[in-house]
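Q: My structure is below; once you've seen it, I'll send some questions.
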Amino acid sequence: MAVGVPAGEPLAQVRRGLRWTGLLFWTVLLVHSLLAQPSREGLTPEEVLPWGLAMVAFIAVFLTAISLPDQPRWQRLALFLAALESVLALVGNALLDANSVQGGLLVLVAAQVAVTLPVRWMLVWVTVQTVSLLTVFLTYWSAADAWAFGTGYFCFQLFAMTTAQTAVREVRARQQLAVVVDELRATRALLAEASRQAERLQISRELHDLMGHHLTALGMNLQVALHQLPSGPARGHVEQAGELAHTLLSDVRTAVRGMRETSAPCDVRAEIETLARTASLPIHLSFSAGFSVPCPVQSQVLLRTVQEGLTNVVRHAGARQVWLDLSCGAAQEGGRQLTLHARDDGHGTPRFKPGCGLSGMRERIESVGGTLEVRALPGQPLELLVRLPLSGPATGGAA
């Protein structure tokens with residue numbers, strides 16, 4: 001069985017909005033430059049073709065850059081393309097004799113780059129763009145007009161930058177909230193199961209302490225009465241009552257033993273599938289035939305391991321999709337064993353150093369007798385291999 005969610009990249013919504021806004025913005029500026037009187041007069045017949053090529057190249061590069069995956073290995077290319085967009089916008093502006101409206105393309109570049117760069121580097125980027133635009137303005141305009149429009153576009157770029165970064169923070173906060181909500185739902189299900197198990201245990205104790213005690217006393221008194229009772233019709237009834245008391249005591253003990261040893265398995269498979277459906281990137285699940293985790297404690301450990309693994313992938317791996325393979329089978333030492341193999345298509349880290357998440361995951365797994373193997377090579381996706389010895393009977397099922 002495989003489950004996938006076409007959730008896209010974490011910043012897909014922001015990039016989609018920038019894509020359509022940028023296309024509309026570019027179209028309006030292009031029409032203005034072709035129809036407005038000052039812009040049209042600024043183009044000589046020899047400059048029409050270079051200007052048109054610059055504008056077409058700008059929108060082609062913009063659409064290419066905004067469609068790149070949101071992964072660190074693609075960020076350098078995206079920034080290079082954004083720098084090329086700035087150059088094309090400045091060239092087009094110079095061909096129009098420093099058209100004031102054509103400088104709006106730099107505002108679009110600032111919003112695009114703000115999705116990738118931190119604030120301090122974004123300020124440097126906006127400053128360089130503004131100085132370059134001011135240089136073009138000073139070539140054709142008076143110093144007063146050039147500084148007026150140049151500082152104005154600096155403010156516009158800052159506004160676009162802060163707006164884009166606010167949208168990015170909102171998307172990330174919403175995704176983190178969704179992860180927390182999923183964890184709370186899974187925890188609620190586990191707590192409900194633990195509550196049911198506690199009730200069963202309490203009932204079994206009451207049966208053992210109350211009914212078991214009284215039935216034992218009843219059987220002993222019937223045995224004494226049977227030894228003291230002379231032969232006669234009543235003796236048969238006392239013997240029968242003793243046998244019934246002994247049978248009833250055996251039934252109570254069997255029921256108590258069953259309530260203590262037998263527990264309804266947690267539906268950890270359904271909880272993992274819920275996490276996959278609500279994740280912020282596609283999760284491909286694969287369950288072996290007869291997959292089951294009878295022990296509630298092991299179910300909770302497995303669920304927490306999957307949650308922490310997905311959280312690490314979203315925050316650090318830069319992956320576009322994740323594969324989770326879960327299987328139950330015979331262990332080499334005997335008994336049953338659960339195996340979880342998690343892998344992604346992320347970029348990994350040059351120097352792998354386990355953090356609090358992986359350390360806590362390892363401690364939780366080892367607390368129930370399991371093992372965690374982390375496979376981390378420089379520049380390669382991270383792989384996790386979890387092995388848990390299973391307690392309880394095996395249950396069949398279809399994958």
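Q: If you count only protein heavy atoms with a 1.4 Å probe, what accessible area per residue comes out for the stretch 102-164, rounded to a whole Å²?
A: Heavy-atom SASA per residue in the stretch 102-164 reads 46 Å².
Q: For the pair R320/V128, report the inter-label distance in nm, with labels modelled 7 Å from Cα in the Cβ direction.
A: Placing both labels 7 Å along Cα→Cβ, they lie 2.8 nm apart.
Q: Per the Kirkwood formula on distinct C-alpha pairs, the Rh of the stretch 47-129 is how many angstrom?
A: 13.1 Å is the Kirkwood radius here.
Q: Modelled label-to-label distance, H32 and S359, 7 Å Cα→beta-carbon offset: nm?
A: Calculated label separation equals 5.5 nm.
Q: Could I ask something else about it? Which ³J(HN,Hα) values in Hz, rounded to whole numbers, follow from the phi angles of the stretch 242-249 under the Karplus curve 6.51 cos²θ - 1.76 cosθ + 1.60, where θ = phi - 60° and Gly and Pro get x?
A: After applying 6.51 cos²θ - 1.76 cosθ + 1.60, I find x, 5, 5, 5, 5, 5, 5, 5 Hz.
Q: In nm, give the distance between the simple-model label positions of V238 and F80, each being 7 Å from the Cα along the Cα-to-Cβ direction.
A: Going by the 7 Å Cα→Cβ label model, 10.2 nm.
Q: Let me ask another. Amide H of H284: which non-local residues (sequence gap of 5 or more, or other chain) have their own amide H closer than 5 Å, using H built in the peptide plane?
A: Answer set, sorted by chain and number: V322, W323, L324.
The values are calculated or read from the model by the stated rules, or taken from the named source; none is laboratory data. Just so it is clear, the structure is predicted and the values come from calculations on it, not from any experiment. Neighbour counts are summed over all protein chains in view; Cβ atoms, including those assigned to glycine, are modelled from backbone coordinates with ideal geometry. These accessible areas exclude ligands, DNA and RNA; they are computed on the full protein's heavy atoms, side chains included. Shrake-Rupley method; radii C 1.70, N 1.55, O 1.52, S 1.80 Å.
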